[in-house]
Amino acid sequence: MKCPFCGHENTRVIDSRPAEENNSIRRRRVCDECDKRFTTYEKVETIPLIIIKKDNNRETYDRSKIEAGVLRACHKRPVSANQITRLIEEVETQIFNMEEKEISSSKIGELVMSKLKNIDAVAYVRLHRCTGNLKTSIPLWMS
């Protein structure tokens, strides 16, 4: 790592610890030439994910859109914030594990609905109606 103060090529790591909820590593370094200290952050580079909308428009992935939809579906339902967060994280993990550069919004909707169906039937029906995907019939009773 090049020293930002003197430009010397040799620096040493003197401390390393997780940062940003274990999504990156914070490293304290010292320059062998000028003895000044500085901090660097190391992050995993993710593939930018493109979402293909129903009208074939493309936009970048935005977690907050999934979150907003699930929150709207779970409004005034006995679903905890932890359950919602866990659901979104599981869906996100599935999406990124596909290792595709583009994914359809309907595929994301299916993943969210399959998880939500196991948490709360009413929230599932609400989300199903909001997405406009009424091709399949949903029984009003859920067993």
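Numbers below:
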read-out: Enumeration of residues in segment 6-47 that are closer than 30 Å to Lys107 by Cβ and either without any contact (Cβ under 8 Å) to a residue 40 or more places away in the chain or assigned to a strand (DSSP E or B) (or both); value: Glu20, Glu21, Asn22, Asn23, Ser24, Lys43, Val44, Glu45
read-out: Verdict on Glu33 being more than 30 Å from Glu89 (Cα to Cα) and outside the structural domain of Thr93 (by TED's automatic domain parsing); value: yes
read-out: Candidate set: segment 91-100, residues that are outside any loop (DSSP other than H, G, I, E, B) and touching a residue at least 40 places away in the same chain (Cβ under 8 Å); chosen: the one farthest from Ala121 (Cα to Cα); value: Phe96
read-out: Ile88 vs. criteria closer than 23 Å to His128 by Cα, surrounded by 13 or more Cβ atoms within 10 Å (Cβ to Cβ) and in contact (Cβ under 8 Å) with a residue 40 or more places away in the chain; value: no
read-out: Selection count, segment 48-90, where residues are among the β-branched types (Val, Ile, Thr), under 14 Å from Ser105 (Cβ atoms) and either in a loop (DSSP other than H, G, I, E, B) or within 16 Å of the chain's Cα centre (by Cα) (or both); value: 4
read-out: Residue, modelled with the highest pLDDT, within segment 91-116, restricted to residues that are polar (S, T, N, Q) and under 12 Å from the mean Cα position of the chain (by Cα); value: Gln94
read-out: Hits in segment 14-31 - residues which are surrounded by fewer than 12 Cβ atoms within 10 Å (Cβ to Cβ) and not polar (S, T, N, Q); value: Ile14, Asp15, Arg17, Pro18, Glu20, Glu21
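The values are calculated or read from the model by the stated rules, or taken from the named source; none is laboratory data. Values in this document were obtained by computation on a predicted structure and should not be read as measured data. A quick note on method: Cβ atoms are made from the backbone with ideal geometry, for glycine too, and the neighbour counts reach across all protein chains shown.
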